[in-house]
Protein chains: 2
Amino acid sequence: MAYTDGYTLYTVSVGCQRKGGTMGSEQTPPGGGSSTFEFLWREGDRPRSSPGPRPGLSVTQVVVAAIAIADADGIDAVSMQQVAKRLEVTPMSLYRYVPSKKHLVEAMFDEASGAPPGLDAVPGGWQVRVEAWVTALWGRYQAHPWMLRAQVSQPIGPNQLAWLEALLAVIKDIGLTYEEMVSLALFLTGATQGLARISTDLARAAGEDDLISFGEALAAVARPDRFPTLSALLSAGTFDLPAGAAGEATSTETDLTFGLRQLIEGIEAHVAARAERG
Amino acid sequence: MAYTDGYTLYTVSVGCQRKGGTMGSEQTPPGGGSSTFEFLWREGDRPRSSPGPRPGLSVTQVVVAAIAIADADGIDAVSMQQVAKRLEVTPMSLYRYVPSKKHLVEAMFDEASGAPPGLDAVPGGWQVRVEAWVTALWGRYQAHPWMLRAQVSQPIGPNQLAWLEALLAVIKDIGLTYEEMVSLALFLTGATQGLARISTDLARAAGEDDLISFGEALAAVARPDRFPTLSALLSAGTFDLPAGAAGEATSTETDLTFGLRQLIEGIEAHVAARAERG
DNA sequence: AGCCATCAGTATAGGCCATATACCGTTGCC
DNA sequence: GGCAACGGTATATGGCCTATACTGATGGCT
């Protein structure tokens with residue numbers, strides 16, 4: 001592996017990009033120079049020493065502008081035209097920085113993921129750190145709900161791999177096999193993401209007037225003969241929200257931590273039983 | 001609640017729909033007659049007794065055609081034009097059956113969800129049934145991977161509520177509070193969905209030539225100093241796939257059942273401890 | 001029997017969208 | 001100073017969703 005040493009998380013990158021980039025091995029992966037992978041791992045500031053005018057923007061600026069739009073108006077509002085308008089350039093000029101909109105969205109996702117939390121400083125055992133990791137990831141999704149709707153083919157960006165690494169480091173020495181570590185990491189990632197998605201969906205429905213809330217919908221159709229358990233829960237007020245739209249996020253977070261704690265307990269029992277057997 | 005008695009899961013519906021539908025209470029929910037909720041719960045066959053030509057299609061036919069396209073070419077290939085082409089009508093005629101594309105997608109999701117599995121016949125305790133439920137849901141997502149990419153605002157369709165009911169019925173009497181039951185149900189739904197999404201993403205990457213596989217990507221950038229744990233796993237061959245592209249789905253399913261079993265074990269301990277305390 | 005409101009399907013058009021292509025003008029190196 | 005590289009733009013193509021206006025068929029009513 002002979003990539004250049006000077007790559008950076010593009011969180012701090014400032015320079016522009018070349019068509020093929022210069023990182024990576026000589027034999028480019030199938031798909032050629034515009035693969036998402038290469039784009040996400042492009043090098044940061046490239047010392048300019050070529051003819052032509054100086055670029056007026058940077059990849060990061062484009063990505064950040066797109067994220068701002070997505071934060072404000074959702075992922076569907078992110079179009080090349082809108083991003084260009086925000087940066088006060090023509091739509092086509094964006095293609096000097098981003099190979100395609102698909103690449104832009106993937107870069108948005110990785111950028112919005114940010115750096116994982118530092119878990120070494122967290123006091124307590126691995127259980128606490130795992131929970132801290134999950135909570136931090138949950139926080140990212142709450143800050144950028146569009147991430148849960150964005151079409152990202154694979155988690156292979158620098159930040160995403162850093163998150164994975166951070167979690168694996170926490171559960172490295174708790175008594176799991178390598179395969180189990182990967183299983184657990186993927187499970188936690190998937191569970192957090194899945195539940196965050198449900199959470200934001202519910203919150204949006206509770207917030208927007210033209211959408212019916214889950215409780216209302218349930219009340220309209222949950223007849224005891226057809227949905228007995230749901231009806232029982234409904235009658236008991238289990239779906240009544242604590243306080244307005246904001247309550248949705250916190251209540252779903254409760255669901256997440258509940259499941260997480262049970263999961264952790266199960267893992268503890270699992271590794272304890274294994275240690276006992278030898 | 002005075003909805004008509006004759007509503008059916010539109011899986012078996014055949015008739016056409018009116019603008020406002022006739023189900024539901026008199027006071028329509030906020031958003032008016034074209035809310036997703038009302039559309040999903042529209043009644044089935046409506047006995048025609050009005051002037052005008054007979055409809056040549058049905059809502060179900062439109063939804064099924066759209067699903068066929070999504071199954072074959074992904075959710076992005078589903079456009080009003082493509083669906084119309086498949087049904088040999090003009091694009092605009094679809095709007096006689098479906099209020100908008102958004103409604104169509106929601107209907108696709110519920111239709112593709114299908115009826116939940118019958119879990120009463122499953123031998124064994126609630127643990128086995130929960131696992132059967134999760135596996136069945138997993139199977140749906142594998143059969144229709146586009147479901148994980150579709151923009152569905154809320155799980156309030158007939159089939160989706162039936163799935164939820166089925167799960168709740170299984171965990172109804174195992175010793176959880178109502179709140180915990182909901183937490184567990186949402187957690188399981190979210191985890192299955194989230195992991196299925198990761199699974200299909202990985203499988204697609206492994207299958208398509210223009211995408212780099214996760215293992216390849218990792219090998220390209222996972223330097224020991226920056227990603228020590230990932231590097232260790234990589235060296236140990238943990239990311240090597242068992243057999244080709246199909247192996248991805250099964251290996252991710254292993255991740256799911258691993259997490260699920262730990263979760264169930266934790267729940268068992270949880271309710272056992274509570275029963276002991278009284 | 002004949003009117004007519006109703007409704008299925010169509011045709012057209014407007015306003016978005018991503019992006020291929022061709023072009024202009026600027027820049028730094030030789 | 002020439003020239004190749006490069007940033008930014010203008011234009012155009014083909015796709016998308018859907019509002020609007022229309023045609024023609026239908027069945028209940030008088």
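At-a-glance table
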| item | result |
| --- | --- |
| Cα convex hull volume per residue for segment B:32-113 (Å³) | 99 Å³ |
| Segment B:146-203 and segment A:181-238: distance between their alpha carbon centers, rounded to Å | 8 Å |
| Calculated log₁₀ intensity ratio I(q)/I(0) where the Debye formula runs over C-alpha points of segment A:70-132, q = 0.18, 0.20, 0.25, 0.29 Å⁻¹ | -0.71, -0.79, -1.09, -1.27 |
| Straight-distance crosslink candidates among aspartates and glutamates, where the alpha carbon sits under 14 Å from A:Lys101 and sequence neighbours closer than 8 are dropped | A:Asp76 |
| Interchain or long-range residues, amide H under 5 Å from A:Ile171's placed H | none |
| Förster radius 41 Å - calculated FRET efficiency between A:Lys172 and A:Asp225, Cβ distance, rounded to 0.05 | 0.20 |
| Three-way shape call for segment A:126-277 based on the alpha-carbon gyration tensor, with the a/c threshold at 1.5 | oblate |
| Computed over segment A:138-225, Cα set: Rg, Dmax in Å | 17.7, 52 |
| Net charge, A:Ala115 excluded, C-beta distance under 14 Å - Lys, Arg +1, Asp, Glu -1 | -2 |
| Chains A and B, summed buried accessible surface - 1.4 Å probe, Å², nearest 100 | 7600 Å² |
| Segment A:213-219 - phi-based ³J(HN,Hα) in whole Hz, Karplus 6.51/-1.76/1.60, Gly and Pro as x | 7, 4, x, 4, 4, 4, 4 |
| Exam field: A:Asp120 pseudo-label spacings to other copies (7 Å along Cα-Cβ), nanometres | 5.9 |
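The values are calculated or read from the model by the stated rules, or taken from the named source; none is laboratory data. All values derive from a computational prediction rather than experimental measurement. Please note: Cβ atoms are built from the backbone with ideal geometry, for glycine as well, and neighbour counts cover all protein chains shown. Ligands, DNA and RNA are excluded from the accessible area calculation, which covers all protein heavy atoms including side chains. Shrake-Rupley method; radii C 1.70, N 1.55, O 1.52, S 1.80 Å.
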